[in-house]
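Visitor: One structure is given below, represented as structure tokens, and several questions about it will come after.
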Amino acid sequence: MLGVLRRLRDHSALLADRGGNPFAIAVGQEIGEFETSTVDGEPISQDLLEDGTVVAFFSPGCGPCETEVPRFADFAETAPGGRKRLLAVIVGETGDATPFVSALCAVSRVVVEDRNGALSTAFRATAYPTVLRVGREDTGQLVVTANRVPLDRPVTAAA
């Protein structure tokens, strides 16, 4: 079973290298309603996310996530708006998430939740890593504006 899981993760990484995460929510799709809080106790909800917020989903034990978390931290250090426009969601057990939380807390708001948590459900996150950008439609509805945010580009060019 562990071998199968490893091969699935490797396959997901290969797909990501060839054009993105095929399991990511589509550009233009609405984000469901959610309410949760960060590891620092800050409330997070659909209404509190600003235009241009980058939301990243990582999971402990995910090989590609081990590579992407430091890249996200570097990306976050130069992000306009700082922590207020960044949200990292660590999907997994709290104890397993500690290294990711430690790496990201200084540069991003961080939420730890299980696979059926409020953010995972609202964003339909089923594969990791997934890095999205969200924005508001004229109606005020929060939608995905980019479902493949490149972490190796300057933030100003990625908008």
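Visitor: Tell me which residues, restricted to the range 115-131, are within 14 Å of F34 (Cβ to Cβ) and not β-branched (V, I, T).
Guide: If the condition is that a residue be within 14 Å of F34 (Cβ to Cβ) and not β-branched (V, I, T), then N116, G117, A118, L119, S120, A122, F123, R124, A125 are the ones that fit.
Visitor: When both residues are 6+ apart or on different chains and their Cβ atoms are under 9 Å apart, which pairs have a first residue that lies in the range 138-158 and is under 15 Å from A125 (Cα atoms) and assigned to a strand (DSSP E or B), and a second that is of a type in the set (D, E, K, R) and at pLDDT 90 or above?
Guide: Hits for this filter: V143/E30; V143/R136; V143/E137; V144/E30; V144/R133; A146/R133.
Visitor: With respect to A118, determine if the residue is out of contact with any helix residue (DSSP H, G or I) (no Cβ under 8 Å at 6 or more places or on another chain) and modelled with pLDDT of 95 or more.
Guide: In short, yes.
Visitor: Conditions first: (1) over 13 Å from the mean Cα position of the chain (by Cα); (2) buried (at least 21 other Cβ atoms within 10 Å of the Cβ); (3) not aliphatic (A, V, I, L, M). G81 passes all but one, so which condition is the exception?
Guide: (2)
Visitor: Given the condition touching a helix residue (DSSP H, G or I) at 6+ places or on another chain (Cβ under 6 Å), of a type outside the set (S, T, N, Q), under 20 Å from E42 (Cβ atoms) and surrounded by 14 or more Cβ atoms within 10 Å (Cβ to Cβ), answer yes or no: does some residue in the range 138-150 qualify?
Guide: Yes, the conditions are met somewhere in the range 138-150.
The values are calculated or read from the model by the stated rules, or taken from the named source; none is laboratory data. The structure displayed is predicted, hence computed values, not measured ones. Don't worry about glycine lacking a Cβ; one is built from the backbone with ideal geometry, like all the others, and counts go over all protein chains shown.
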